[in-house]
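The values are calculated or read from the model by the stated rules, or taken from the named source; none is laboratory data. None of these values were measured; they are calculated from a predicted model. For neighbour counting, all protein chains shown are included, and Cβ atoms are generated from backbone atoms with ideal geometry for every residue, glycine included.
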Amino acid sequence: MTFYAAVRRRRFLDLPPSNERHFDVAREARVLARCHWQTERRDHPTLVLLHGLEGSANAHYMRGIAGKAFKRGFNVVRLNQRNCGGTESLSVGLYHSGLIEDPAMVIRELIDVDNLRSIALAGYSLGGNIALRLAGVWGESAPPQLHSVAAVSPPLDLARAAAAIEWKSNWFYQRNFVRDLKGRIQLKARLFPDIYKVDGLNRVRTIRQFDERYTAPLNHFRDAADYYHRASALRVVDAIRVQTLIITAEDDPFIPVASFREPPVSTNPRLTVVITRHGGHCGFIAPRDGDDDDGYWAEDALVDFAAARVQPEPRAPFHVQR
């Protein structure tokens, strides 16, 4: 289902053309968002979406969620991570799995500048880890406008995920990730030759090697192990105080399900954790239930969860019947 969900042809709900918006998130760092605004944006909740490793705002799940959320009355902000979606020239540094500063700055600007009163944050894969980590780091100090968080297939424990993707059965996924990461470094080296060096790049074969060679030193981590430890959402999920949905699958090929049964996850009453037998990594496709259902049920569950948290009156507990 991991592969099928990524390559399957799908139709998307109609969306108004997106407005491009740049957010200055740090010194020498700017990110691009594709925004879909309701006519009176301040009167509607806003869903901020984060994509996965080497994805972009145009990933199929980002567009799928955006269409469903917009139809339900949400403004939608599809955010590119630093350097993604053709934005390599906008930021000197790289994005990584623990980079919470960018979505934090975006949310703050939406609140302080746009005066938006109701915000949900959701991420897939790497973006899910970032969303959960941000909610955990914020803890009790999360802005009151942030009413919910959702994560699909998040790599809660980065060290476990890095080890799992090195299994022989995952050579295809690792090869594609590493190819794209190496291509990004080659482009960054042309843009910022004093910072990015490509000597030895051809010897990088795994994500761990890439993180050791580039991600860790360029983001002030001691090494890949230090990066995996400090950037993992598992370290802070027990501090999350916002209502949060996590969806994962037992057959995810490179996100071990054991992480989702750890006490920091299982003992936090703010977390609703859905573990399915099947779904793969960011797949979660079921038979269609009517003409309006495209089968990508995790996207629907994410939007349903955010919409339920917007309601002014208490709602029944959230359930997934899949």
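So the values come out like this:
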read-out	value
Selection count, segment 240-271, where residues are outside any loop (DSSP other than H, G, I, E, B) and either among the hydroxyl-bearing types (S, T, Y) or surrounded by fewer than 18 Cβ atoms within 10 Å (Cβ to Cβ) (or both)	8
Sole exception among (1) more than 13 Å from the chain's Cα centre (by Cα); (2) closer than 21 Å to L158 by Cβ for A26, by number	(2)
Criterion (in the same structural domain as R9 (by TED's automatic domain parsing), at pLDDT 95 or above and surrounded by fewer than 16 Cβ atoms within 10 Å (Cβ to Cβ)) met by exactly one of R277, R288	R277
Residue check, D238 in the same structural domain as A258 (by TED's automatic domain parsing) and of a type in the set (D, E)	yes
Subset of segment 1-59 (residues that are of a type in the set (V, I, T) and under 21 Å from A151 (Cβ atoms))	T2, V25, V31, T46, V48
Pair list, Cβ under 7 Å, 6 or more apart: segment 74-101 residue within 24 Å of A224 (Cα to Cα), other residue of a type in the set (G, A, S) and part of a loop (DSSP other than H, G, I, E, B)	N80/S56; N80/A57; R82/S91; R82/G93; N83/S91; C84/G55; C84/S56
Pairs with Cβ under 6 Å, 6+ apart, first in segment 37-51 and farther than 12 Å from R78 by Cβ, second polar (S, T, N, Q) and assigned to a loop (DSSP other than H, G, I, E, B)	R42/N115; H44/Q38; P45/S118
Unique residue being over 16 Å from the mean Cα position of the chain (by Cα), not assigned by TED's automatic domain parsing to the domain that holds E40 and not hydrophobic (A, V, I, L, M, F, W, C) when the list is Q145, Q174	Q174
Test: residue in segment 123-136 that is in contact with a helix residue (DSSP H, G or I) (Cβ under 8 Å, 6 or more places away or on another chain) and surrounded by fewer than 24 Cβ atoms within 10 Å (Cβ to Cβ)	no
Some residue of segment 210-219 being crowded, with 19+ Cβ neighbours inside 10 Å, of a type outside the set (G, A, S), within 19 Å of the chain's Cα centre (by Cα) and not assigned by TED's automatic domain parsing to the domain that holds A163	no
Among residues of segment 2-23, those that are part of a strand (DSSP E or B) and of a type in the set (D, E, K, R), counted	2
Whichever residue in segment 44-74 is farther than 20 Å from L191 by Cβ and among the polar types (S, T, N, Q) and, among such residues, is surrounded by the most Cβ atoms within 10 Å (Cβ to Cβ)	T46
Residues that are in a helix (DSSP H, G or I) and either surrounded by fewer than 21 Cβ atoms within 10 Å (Cβ to Cβ) or of a type in the set (F, W, Y) (or both), drawn from segment 84-103	E88, S89, L90, E101
Count of segment 25-43 residues which are over 15 Å from E109 (Cβ atoms), in contact with a Ser or Thr (Cβ under 8 Å, 6 or more places away or on another chain) and buried (at least 16 other Cβ atoms within 10 Å of the Cβ)	2
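Matching residues to (1) surrounded by 24 or more Cβ atoms within 10 Å (Cβ to Cβ); (2) over 17 Å from A306 (Cα atoms):
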{"site": "M105", "(1), (2)": "no, yes"}
{"site": "E109", "(1), (2)": "no, yes"}
{"site": "Q145", "(1), (2)": "no, no"}
{"site": "S148", "(1), (2)": "yes, no"}
{"site": "A162", "(1), (2)": "no, yes"}
{"site": "L181", "(1), (2)": "no, yes"}
{"site": "G200", "(1), (2)": "no, yes"}
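Residues are listed down the side, and each one gets a yes or a no for (1) under 15 Å from L132 (Cα atoms); (2) more than 19 Å from the chain's Cα centre (by Cα):
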site: L245; (1), (2): yes, no
site: A249; (1), (2): no, no
site: P253; (1), (2): no, no
site: P264; (1), (2): yes, yes
site: L271; (1), (2): yes, no
site: G279; (1), (2): no, no
site: P287; (1), (2): no, yes
site: D293; (1), (2): no, yes
